[in-house]
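Here it is, the structure, as structure tokens.
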Amino acid sequence: MANPTAAMLVIGDEILSGRTRDSNMHYLAQQLTKQGIDLCEARMVSDDASAIVAAVKTLSETFDHVFTSGGIGPTHDDITANAVATAFGASIGVRQDAYDLLAAHYQRQGSEFNEARQRMARIPEGATLIDNPVSIAPGFTIGNVHVMAGVPSVFEAMVASVLPKLTGGAPLLSQSLRIQRGEGEIAGPLAALAAEFSDLSIGSYPFQKDGIYGANIVIRGPEGARVDAAMTRLAALFPES
């Protein structure tokens, strides 16, 4: 059977403006690969409610899981929770268990649990909370959408909370070979290899270093024996690599 599929939605003007570099997609892709869930698409949208709603609707209807990052903090531009609620036609309000978690956290810190911080307890009706051991403010899952923070350390902790609850498939195995020839020279034999091993993913990733052109060929698949066989054929095609 095919592996479950997933998409990621990265939310935030700071990402699209170039002010902040996104690392969450890279981390999520690694973790999903280990879990046997295929990350098939990643999108980035601004802090615009209509854009978030449209993306959530489309992705949740297309893939088995959707992971979002960003926009669930205490400030005015943190609108992800509202947008996701709208996408699912759910009401949203302060939820008592989320409120209690945050109230206790700020009390321990000796900080005021003000109105802005209370916004982080607003959860769509019907959602389940995602644990956040780093900064307490929870994420949530509604339907097949997992809504998480954008701060990398918090995002990673939330991913660790969610993934054990998801059913995965076969983890992808991969091997790579560095070939010091230009892609135009290796394209023909590589296409024939890809046709022979059509059940595998064979990618070519070019590089140029010190005037030398080459490519790293990466072969991926769920069965180690098939990956080994394809790599053996690849090495035989380019023995000098």
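The values are calculated or read from the model by the stated rules, or taken from the named source; none is laboratory data. Because the structure is predicted, anything quoted here is derived from the model rather than measured. So basically every Cβ, Gly included, is an ideal-geometry build from the backbone, and we count neighbours across all protein chains shown. Accessible surface areas use protein heavy atoms only, side chains included; no ligands, DNA or RNA. Shrake-Rupley method; radii C 1.70, N 1.55, O 1.52, S 1.80 Å.
Say whether the condition of being part of a loop (DSSP other than H, G, I, E, B), at pLDDT 95 or above and open to solvent by less than 20 Å² (accessible area, probe 1.4 Å) is met by at least one residue in the stretch 108-124.
No: the stretch 108-124 contains no residue that is part of a loop (DSSP other than H, G, I, E, B), at pLDDT 95 or above and open to solvent by less than 20 Å² (accessible area, probe 1.4 Å).
Follow-up question, since we're still on this one. I'm trying to understand the selection: among the residues of the stretch 33-46, which are surrounded by fewer than 18 Cβ atoms within 10 Å (Cβ to Cβ) and out of contact with any Gly (no Cβ under 6 Å at 6 or more places or on another chain)?
Listed by number, the residues that qualify are 34, 40, 41, 43, 44, 46.
Test of understanding: among 80, 128, 75, 141, which residue is in contact with a Gly (Cβ under 6 Å, 6 or more places away or on another chain) and among the polar types (S, T, N, Q)?
None of the others qualify; the one that does is 80.
Restrict the check to the stretch 195-210 and report whether at least one residue is in a strand (DSSP E or B), open to solvent by less than 40 Å² (accessible area, probe 1.4 Å) and among the hydroxyl-bearing types (Ser, Thr, Tyr).
Within the stretch 195-210 (the criterion being in a strand (DSSP E or B), open to solvent by less than 40 Å² (accessible area, probe 1.4 Å) and among the hydroxyl-bearing types (Ser, Thr, Tyr)), the answer is yes, since at least one residue qualifies.
The conditions are (1) assigned to a helix (DSSP H, G or I); (2) at pLDDT below 95; (3) closer than 23 Å to residue 132 by Cβ, and residue 77 fails exactly one of them. Which is it?
Here residue 77 clears every test but (1).
Moving to a separate point now. Mind checking which residues of the stretch 68-100 are polar (S, T, N, Q) and open to solvent by 10 Å² or more (accessible area, probe 1.4 Å)?
75, 82, 86, 91, 96
Condition check ((1) over 21 Å from residue 141 (Cα atoms); (2) open to solvent by less than 50 Å² (accessible area, probe 1.4 Å); (3) part of a strand (DSSP E or B)) across all residues:
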site: 19; (1), (2), (3): yes, no, no
site: 31; (1), (2), (3): no, yes, no
site: 54; (1), (2), (3): no, no, no
site: 66; (1), (2), (3): no, yes, yes
